[in-house]
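Written below as structure tokens is the structure these notes are about.
The values are calculated or read from the model by the stated rules, or taken from the named source; none is laboratory data. Small disclaimer: the values here were computed from a predicted structure and weren't measured. Positions of Cβ are generated from backbone atoms using ideal geometry, with glycine treated the same way; all protein chains shown enter the neighbour counts. When the accessible area is computed, the model is the full protein with side chains, heavy atoms only, and any ligands, DNA or RNA have been set aside. Shrake-Rupley method; radii C 1.70, N 1.55, O 1.52, S 1.80 Å.
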Amino acid sequence: MLKRFSISLEESLLAEFDRYIQGHHYDNRSEAIRDLIRKTLVRREWEADKAVMGVITLVFDHHQPKLQERVTEVQHDFHHHIVSSTHVHMDHDNCMEVIIVRGKAGEIQELASRLIALRGIRDGNLAMSSTGQAIR
Ligand code: NI
């Protein structure tokens, strides 16, 4: 059920917010506000070390000696946290590995840090999501 409430904002801040909405292709202000609130609450859960789901993205050169092996080893160390992983051959040299994970935010962050810190990883990111409910 949707509830309405009104917000007071400085004109300049509202103008800036409207530009943000346009840039991010939201349908309207309500949609943008809802999304921002959710994101802030997810971040709070992350900080509170609650259960979350995440996507870890790694980009690396598969010619880097032993790197693919290490990427796999770290995932086996955290096998309870891994939902699935997909390997994409981006071009002649580069691979992308996309790993879907679930678990306590702190542990997911540790897993992501260990992967991203591996020598030869060219780019690495962790995105976190939450339903707002505890994951069992
Ligand atoms: Ni590859």
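Here are some notes:
- Relative contact order (%) - the chain, alpha-carbon pairs under 8 angstrom, separation at least six: 32 percent
- A 1.4 Å probe, protein heavy atoms only, puts the accessible area of residue 55 near 60 Å².
- Residue 15 paired with residue 44, simple spin-label distance in nm, labels 7 Å along Cα-to-beta-carbon: 3.2 nm
- When 47, 31 are compared by accessible area at a 1.4 angstrom probe, the order from most to least is 47, 31.
- The accessible-area ordering, largest first, of the residues 78, 60, 5 stands as 5, 78, 60, per a 1.4 angstrom probe.
- Lys, Arg +1 and Asp, Glu -1 on Cβ, resulting dipole of the range 44-96 about Cα centre, debye, nearest 20: 120 debye
- Residues in the chain average 72 Å² of solvent-accessible surface per residue, probe 1.4 Å, ligands and nucleic acids excluded.
- Residue of 28, 94, 125 that the Gaussian network model of the chain assigns the largest fluctuation, springs spanning Cα pairs under 10 Å: 28
- Residue 33 - accessible surface, heavy atoms, 1.4 Å probe, Å² rounded to 10: 50 Å²
- 23 Å Cα cut-off, lysine pairs counted over the chain (separation 8 or more, or different chains): 4
- Springs join every pair of Cα atoms under 10 Å in this Gaussian network model of the chain, and among 29, 44, 122 the largest mean-square fluctuation is at 29.
- Comparing 51, 15, 32 in a Gaussian network model of the chain where C-alpha atoms under 10 Å apart are linked, the largest mean-square fluctuation is found at 15.
- Spatial extent of the chain: Rg and Dmax, with the Cα atoms as the point set, Å: 19.0, 58
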